[in-house]
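Novice: Let me give you the structure first, and then I'll get to my questions.
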């Protein structure tokens, strides 16, 4: 009687003859068809000695008590994008989880901002605390599985039990390819990827009170449903009027800049919307899948090959101006700056309009003046000259008098030396 191995080998040889192709090559194709999926690696998500991806100061009894905005930024971003993709029709039938712990010996050391109670909870096994890397590795996998099921409810029953086989502090979550774009693991994007450092629980105001200062920001995906992540407030005097040139750059990971204005407490009016932009060329092979992701998550088209967004704001007196930044992907990095026109309008204490050269500090009563007829030294407040010295010249450009102003009013004549 033939043994099982001999019978199996005969079947293999028979299949080679019938189909006339290399059987080993066919096995390789079958393995590729299985589709290993897209793997997201969470390393910074877990502080040392913790099995819970939560921010410092968070307390809870069970993982069901953990709130979404209490998660560490990187895992928060993953949950946000996963929900968005599923809500737009992405199909996920299976999720695989691998987890691990450092190869160094386990300790009960408390990470900064956390508690001994949370460390002990991380090493809890069969009714007792056991400081063992195998225990925390498994608990990390169980925690990630439980949190995904909590915040992405459609995946209940579709997540495999975690495999705690990694020899480093990390959890890997593998989902079907094409569901989410993985910026961190893609060499083309990873050089500009910034590990998220903040979860936005409300709109963060970046106040800009002078022109020319550069602004840089990195962080998590913005708040659903619109993905609003930041707001730049042009915190100049509300009565300042003139041109302000806004420059913004989203680099590869897409962002969107929206310029708005309102009167104090009034309705916000749209001035200009950049749409979602990326420096990635529309002809790049990765642009198609990135564009599809942006469309799926935001409902908007992605503009490729855009190295920056520039718009000149004609600021009017009496309005507040701001720029909202929308970020559908965590790990984004964007920069911006505001440049003012060299000329703007102000009024002095008597209500007379003057045109100010912001570079020299000189003023003219004519918009196209030579900025030598009148000049101020001092401070402006609420669009008016408030205190200092006002130099008055005659038609020949000869200094006629010096007025000293205090508290927005003429006080006395100064001495001409």
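Just so it is clear, none of the values below were taken in a lab; they were calculated from the coordinates. None of these values were measured; they are calculated from a predicted model. Virtual Cβ from ideal backbone geometry, glycine too; neighbours counted across all protein chains shown.
Novice: Based on the mean of other Cβ atoms within 10 Å per residue, sort peptides 61-73, 171-183 so the most packed one is first.
Specialist: Working: 61-73: 15.5, 171-183: 19.5.
Ranked from most to least packed, the peptides come out as 171-183, 61-73.
Novice: Continuing with this model, one more query. What does the extension gain come out to for residue 402 and residue 59, with contour length at 0.36 nm per residue minus their alpha carbon separation? Could you put the intermediate results ahead of the total?
Specialist: Values: separation 343, 0.36 × 343 = 123.48 nm, distance 6.60 nm.
Contour length minus Cα-Cα distance gives 116.9 nm.
Novice: A further question follows. Please list 251-257, 387-393, 79-85 highest first by mean number of surrounding beta-carbon atoms within 10 Å per residue.
Specialist: Numbers: 251-257: 25.1, 387-393: 16.0, 79-85: 21.1.
Result, highest mean Cβ count within 10 Å first: 251-257, 79-85, 387-393.
Novice: Related question: Taking 7 Å along the Cα-to-C-beta vector as the label spot, tell me the residue 124-residue 270 distance in nanometres, rounded to one decimal.
Specialist: Placing both labels 7 Å along Cα→Cβ, they lie 4.9 nm apart.
Novice: Go through 118-128, 259-269, 219-229 and give me the packing order, highest mean Cβ count within 10 Å leading.
Specialist: Values: 118-128: 15.4, 259-269: 12.6, 219-229: 20.1.
The most tightly packed comes first, giving 219-229, 118-128, 259-269.
Novice: Something else: Can you give the FRET efficiency to the nearest 0.05 for residue 103 and residue 409, using r as the Cβ-Cβ distance and R₀ = 60 Å?
Specialist: Numbers: r = 75 Å, r/R0 = 1.25.
The computed FRET efficiency comes out at 0.20.
Novice: Would you calculate the separation in nanometres between label points at residue 216 and residue 287, each defined as 7 Å from the Cα along the Cα-to-beta-carbon direction?
Specialist: So the label points at residue 216 and residue 287 sit 2.8 nm apart.
Novice: In addition: Using alpha carbons only, how many angstrom separate the centre of segment 129-204 from the centre of segment 213-268?
Specialist: Segment 129-204 and segment 213-268 have Cα centres separated by 31 Å.
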